[in-house]
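Let me begin by presenting the structure, written as structure tokens, before commenting on it.
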């Protein structure tokens, strides 16, 4: 069992939890993820690692409630435990495997959207610990939907906030902010890491392709086991099929077929919607006329 | 009732039309009277050829002679000396090509139903609380076993019986490996059969730590250098699914058999009280002809689909057990033999709408000795479908080999190991699908057993 040591509401249905998981904490690196299974009947849910404390054996996870399973997960309180917590899964971020002197030559920009801010934080923090500076853009529709702004501010060289409604920082989306930084302010980035909703990563990649900036994205497709066994998370990357769980989750963003990936993301939408209604309102919506009998 | 010495006592099964709609076990097994009747057919040969047909060399006449006398607990202790998983083996071993193929009774009539007798003895023991004989005193040496599938459980059980302190590391959340995620409930019940066999191994003193992915959460080098394990056995299986590489294979509605079966078996998606979803499909094609293909097809059928098996060779070459093919046909699975998919058809939302296939004919024998299927030009046709399940075999996961110093693999990513299971790294042994590529439960158990003996010898002489 994996005990919940801390629980905090961040914003916009996004929660942060500290979990006691010494084996994961000892080895996890920025860019990797975990899978949580709440209880006997729960799904295996892939989640972002937001932070870790190797000595204390603690892993910090961040998740947004998007369906029945994550809503149920958000009802767990400090002192309770998850049945299963497995990781670290996936490959560490490429940046962590490059020699520090190589990293020092690069001008790096991280672009985060929504809950995607969480997996960016440990990367920027790790770079700072190696003495490498990186800039960060956090994007949101509006000011009150921003998360981890303070924490990111402490580790980023420059933190730029972009909101669609202009309630804080730059008015515009993350792609607009990127163009502003590169084209108007003349900052010459040579490495971009974009993590957020699929649609955001798609447009950032279109922009960086035009700008000629190498771009890494972190994919979060449907998964079951997370160890390479099921192939549910397969993606078209260039002319190859890759499994996000073992070959990723980070890939060269200019090689990803985002439209295909977004279609795959929709696969269980109807079933998930039915499950969410069933969870919130009881079993009245399951089975029968709607054909929702799993 | 007098027993016909040339014929087996028939085993009761669920009716095909009934079982096609539920996940209860197909075969109901013998009761005590039936088992004792069948046992009288055993000739108790002095040079029992059946034993040589068994990868773990169970004293088959030994246990059957106890059954003959109605001493089922004694029969169980005989089997337990050789096998940690008799309730599993009695169900999923290909006895027809192993022990039963060698049975003298089989020359003039039907061989003794060794598998069904083994199953009866193991089930009786479980239902009557009979446990395998416990471990001797501890010898203070530690062995780590990677993977809790048939190879790992067998190796761990054997070493524990010899007094080793054994810890199994399992990547998934439940123990059992392919017994949990792969083989369906209707062939191998999880909560009763698999759980209790795992419990028996634990009762021998084996610790099982779930949710530990070796190569990620820790490495073999760390287990040996920091956690004090004197030897390691790798039984991590062949987990990576293969795809065909045809157009449309990433569409919504195309699954690997691994995914489809894992959702249903390990995650229990067929039950309403579990959260994991599965798309049952209405018109399903399963591509492949092995046991896994049969399992996936029969699972889809039970979830309410019309199911086709699409296989490029003919019935004679189907790698699945005859019993599985027979059951699948009885239940209404349609076999499209000598047929090969060329493209999966997809609508604008990315969902499967069908599959184009081409008819095949058998040509000259290939490297495997089977006649090679060749396309018949102009014979393309389309199957209308909403789901395609690829059951084309699996290969080993490189996670362990790529994170362990000095561990060599061959070009198929299989670990290199000698006939005793010794790998290229000292103190590290391996067996099962991780070494051979996808094979059977019992061969993996045989490899686990051989490696346990080799590890014992290695650590005793050190």
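Could you work out the helix-only [θ] at 222 nm for the protein assembly as shown, with each DSSP H run of four or more residues adding -39,500 (n - 2.57) and the total divided by the number of residues, to the nearest 500 deg cm²/dmol?
Details: 28 runs with 227 residues, N = 756.
Using -39500 (n - 2.57) per qualifying helix, the result is -8000 deg cm²/dmol.
By counting other Cβ atoms within 10 Å of each Cβ, how are A:267, A:1 ranked from fewest to most? Show your work: numbers first, answer last.
Values: A:267 20, A:1 9.
Least crowded to most crowded, the residues run A:1, A:267.
Could I have the simple spin-label model distance between residue A:40 and residue A:199, label points 7 Å from Cα toward Cβ, reported in nm to one decimal?
Distance between label points: 4.1 nm.
Efficiency by 1/(1 + (r/R0)^6): what FRET value for residue B:226 and residue A:5, r their Cβ-Cβ distance, R0 = 22 Å, to the nearest 0.05? Working shown, then result.
Details: r = 25 Å, r/R0 = 1.14.
Efficiency, rounded to the nearest 0.05: 0.30.
With an 8 Å Cα cut-off and a minimum separation of 6 or more residues, compute the relative contact order for the range A:154-294 in percent. Write down the numbers at each step before the final one.
Details: 170 pairs, mean separation 20.3, N = 141.
Dividing the mean separation by the residue count of the range A:154-294 yields 14 percent.
What number do you get for the range A:2-89 when its Cα radius of gyration is normalised by 2.2 N^0.38 Å, N = residues?
On the way: Rg = 11.7 Å, N = 88, 2.2 N^0.38 = 12.1 Å.
Rg over 2.2 N^0.38 Å, computed on Cα atoms: 0.97.
Output the relative contact order of the range A:219-287, whole-number percent, from Cα pairs under 8 angstrom with separation of 6+ residues. Don't skip to the answer; put the middle values down first.
Numbers: 68 pairs, mean separation 17.1, N = 69.
Once divided by the residue count of the range A:219-287, the mean separation gives 25 percent.
Normalised by the number of residues in the range A:96-209, what is the relative contact order in percent for Cα pairs under 8 Å and 6+ residues apart? Intermediate values should be presented prior to the final figure.
Values: 195 pairs, mean separation 34.5, N = 114.
Value for the range A:96-209: 30 percent.
Can you give the mean number of other chain Cβ atoms that lie within 10 Å of the Cβ atoms in peptide A:41-53?
Mean partner shielding for this stretch: 2.
Fewest Cβ neighbours within 10 Å first, please rank B:249, A:240 accordingly. Don't skip to the end; give the middle numbers.
On the way: B:249 20, A:240 9.
Going from least to most buried by this count: A:240, B:249.
In which sequence would B:121, B:178, A:41, B:26 go, from the one with the fewest C-beta neighbours within 10 Å to the one with the most?
Going from sparsest to densest Cβ surroundings: A:41, B:26, B:178, B:121.
Among DSSP bridges having both ends in the protein assembly as shown, what percentage is antiparallel? Round to the nearest 5.
Values: 58 of 112 bridges.
Antiparallel: roughly 50 percent of the beta bridges in the protein assembly as shown.
Taking R0 as 56 Å, what's the FRET efficiency between residue A:209 and residue B:127 from their Cβ-Cβ distance, rounded to 0.05? Write out the running numbers ahead of the final one.
Values: r = 65 Å, r/R0 = 1.17.
Efficiency, from the Cβ-Cβ distance: 0.30.
In peptide B:238-245, how many Cβ atoms from other protein chains are near each Cβ within 10 Å, on average? Can you show the working numbers first?
Working: counts 1, 5, 7, 7, 1, 3, 0, 1.
So the per-residue partner count for this stretch is 3.
Compute the length gained on full extension between residue A:165 and residue A:179: take 0.36 nm times their separation in residues and subtract their Cα-Cα distance, giving the result in nm to one decimal.
On the way: separation 14, 0.36 × 14 = 5.04 nm, distance 1.76 nm.
That pair, residue A:165 and residue A:179, stretches by 3.3 nm at full extension.
Quick check: pseudo-label points 7 Å beyond the Cα along Cα→Cβ at residue A:150 and residue B:462, how many nm apart are they?
Rounded to a tenth, the inter-label distance reads 5.2 nm.
What residues from the range B:30-49 fall in the zone where the backbone N is under 19 Å from a label point 7 Å along the Cα-to-C-beta line of residue B:104?
Counting backbone N atoms under 19 Å from the label point, the list is B:38-49.
Once you have all Cα-Cα distances for the range A:96-209, histogram them in 5 Å bins from zero and send the whole-percent values.
2, 13, 24, 25, 21, 11, 3, 1, 0
Shape of chain B from its Cα gyration tensor (a ≥ b ≥ c, root eigenvalues): rounded if a/c is under 1.5, otherwise prolate when a/b > b/c, or oblate?
Details: a/c = 1.72, a/b = 1.19, b/c = 1.44.
In terms of gyration-tensor shape, oblate.
Based on a Kirkwood Rh over C-alpha pairs, give the Stokes-Einstein translational diffusion coefficient of the range B:185-243 at 20 °C and viscosity 1.002 mPa s in µm²/s.
Working: Rh = 14.3 Å.
The estimated diffusion coefficient comes to 150 µm²/s.
Going 7 Å from the Cα of residue B:96 along its beta-carbon direction, which residues of the range B:29-49 have the amide nitrogen within less than 20 Å of the resulting point?
What the label zone holds, given the 20 Å backbone N cut-off, is B:29-30.
Taking square-rooted eigenvalues a ≥ b ≥ c of the alpha carbon gyration tensor, is the range A:219-287 rounded, prolate or oblate, where a/c under 1.5 means rounded and, failing that, a/b exceeding b/c means prolate?
In terms of gyration-tensor shape, prolate.
Estimate the FRET efficiency between residue A:143 and residue A:272 by the formula 1/(1 + (r/R0)^6), using the beta-carbon distance for r and 22 Å for R0, to the nearest 0.05. Could you put the intermediate results ahead of the total?
Numbers: r = 29 Å, r/R0 = 1.33.
Efficiency for this residue pair is about 0.15.
Classify the protein assembly as shown: rounded, prolate or oblate, from the alpha-carbon gyration tensor (a ≥ b ≥ c, eigenvalue square roots; a/c under 1.5 rounded; otherwise prolate if a/b is larger than b/c)?
Prolate shape, in that a/c is at least 1.5 and a/b is the bigger ratio.
Sorted by average packing, counted as other Cβ atoms within 10 angstrom per residue and highest first, what order do B:369-379, B:223-233 take? Write out the running numbers ahead of the final one.
Numbers: B:369-379: 12.7, B:223-233: 18.5.
Ranking, from highest mean packing down: B:223-233, B:369-379.
No value in this document is a laboratory result; all are computed from the given coordinates. Here the structure is a predicted model, which is why all the values come from computation and not from measurement. As a convention, Cβ positions derive from the backbone with ideal geometry for all residues, glycine included, and neighbour counts pool all protein chains shown.
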